[in-house]
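Scroll down for the structure; my scribbles are underneath it.
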Amino acid sequence: MPSRRDTLLDAAIGVVARAGAKGLTHRAVDASAAAPQGSTSNHFRTRAALVSAIAQRLEERDAALWTDPPGTLEELLDRLTAFAAALCADADATLARLALAQELPDHLAGGHQRLLAALREALVTCGVADADARAPLVAAFLDGLVQHTLTVRRGTPFDEDACRLGLSLLCAAAPDRPCLASHSDIC
């Protein structure tokens, strides 16, 4: 059973998913969690503390998907595809992340950098060339695919085959045409 704090944070994620970061108030979270008025402010005294805790909670949810690092490229492609599918399945958390990224990007920057580091490490472990340059490209592809699925294609099932194909192309070895480091600034 989740703690009261986690219940409030999950409710806060839902509020941000539905109303954007500007709709995030202590009262809105209390109402969404069906908690007595003042419950959220007892745990998170300021809005900044609440936003910071939401970012941490989102990162904890993502980290649960990366408990065992993949050892082969096939495992990595499977894991990344499953990760993107999970982000689409947990639409509230992902839409909240997108809203926070647009309105309060500094709160998610640290988590994004940790994700890129884990992705780089996984790419190196799996023998993918130019992992430093490819990791941000893979992250950008997944971000775009997930955002497109949850917004433009809302209500359409996540296309695992298209995801895996795109990831395969981004991770494919091309010794005569290495991934250019100059592209790593897109993330």
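Coordinate-derived values only; no laboratory data. Computed from a prediction, not measured in an experiment: that's the story for all the values here. Please note: Cβ atoms are built from the backbone with ideal geometry, for glycine as well, and neighbour counts cover all protein chains shown.
Things worth noting here:
- Restriction of the trypsin sites (Lys or Arg not before Pro) in the range 1-93 to DSSP coil positions whose beta-carbon has at most 15 other beta-carbons within 10 angstrom yields 45.
- Taken about its Cα centre, the chain carries a charge dipole of roughly 840 debye when the Cβ of each Lys and Arg holds +1 and the Cβ of each Asp and Glu holds -1.
- Using the Cβ-Cβ distance between residue 48 and residue 91 with R0 set to 22 Å, the FRET efficiency from 1/(1 + (r/R0)^6) comes to roughly 0.30.
- Length gained when the stretch residue 113-residue 6 is fully extended (0.36 nm per residue, less Cα-Cα span): 36.2 nm
- Per-residue HN-Hα couplings for the range 112-125 [Karplus 6.51, -1.76, 1.60; θ = phi - 60°; Hz; x = Gly/Pro]: 5, 5, 5, 5, 4, 5, 5, 5, 4, 4, 5, 5, 4, 4
- Vicinal HN-Hα couplings computed from phi for the range 94-104 (Karplus, 6.51 cos²θ - 1.76 cosθ + 1.60; Hz; Gly/Pro x): 6, 5, 5, 4, 5, 5, 5, 4, 6, 9, 9
- Mean Cα-pair separation over length for the chain, i.e. relative contact order, pairs under 8 Å, 6 or more apart, %: 23 percent
- Using just its DSSP H runs of length 4 or more, each adding -39500 (n - 2.57), the chain gives a mean residue ellipticity at 222 nm of -22000 deg cm²/dmol after division by all residues.
- For the range 97-138, alpha-carbon Rg relative to the globular expectation (2.2 N^0.38 Å, N residues): 1.34
- For a modelled paramagnetic label at residue 106, 7 Å from Cα along Cα-to-Cβ, the residues of the range 38-82 in reach, with backbone nitrogen under 13 Å, are 48-49, 52.
- Listed residues 115, 169, 77, most fluctuating in the chain (Gaussian network, C-alpha, under 10 Å): 169
- For the chain, pairs of C-alpha atoms spaced more than 21 angstrom apart make up 53 percent of the total.
- Rounded to whole numbers, the Karplus 3J(HN,Hα) couplings from phi for the range 48-58 are 4, 5, 5, 4, 4, 5, 4, 4, 5, 5, 4 Hz, using 6.51 cos²θ - 1.76 cosθ + 1.60 with θ = phi - 60°, and x at Gly and Pro.
- Comparing Cα centroids, the range 52-119 and the range 143-169 end up 15 angstrom apart.
- Averaging 1/r over every pair of different alpha carbons in the range 14-89 and inverting the result gives a Kirkwood radius of 14.5 Å.
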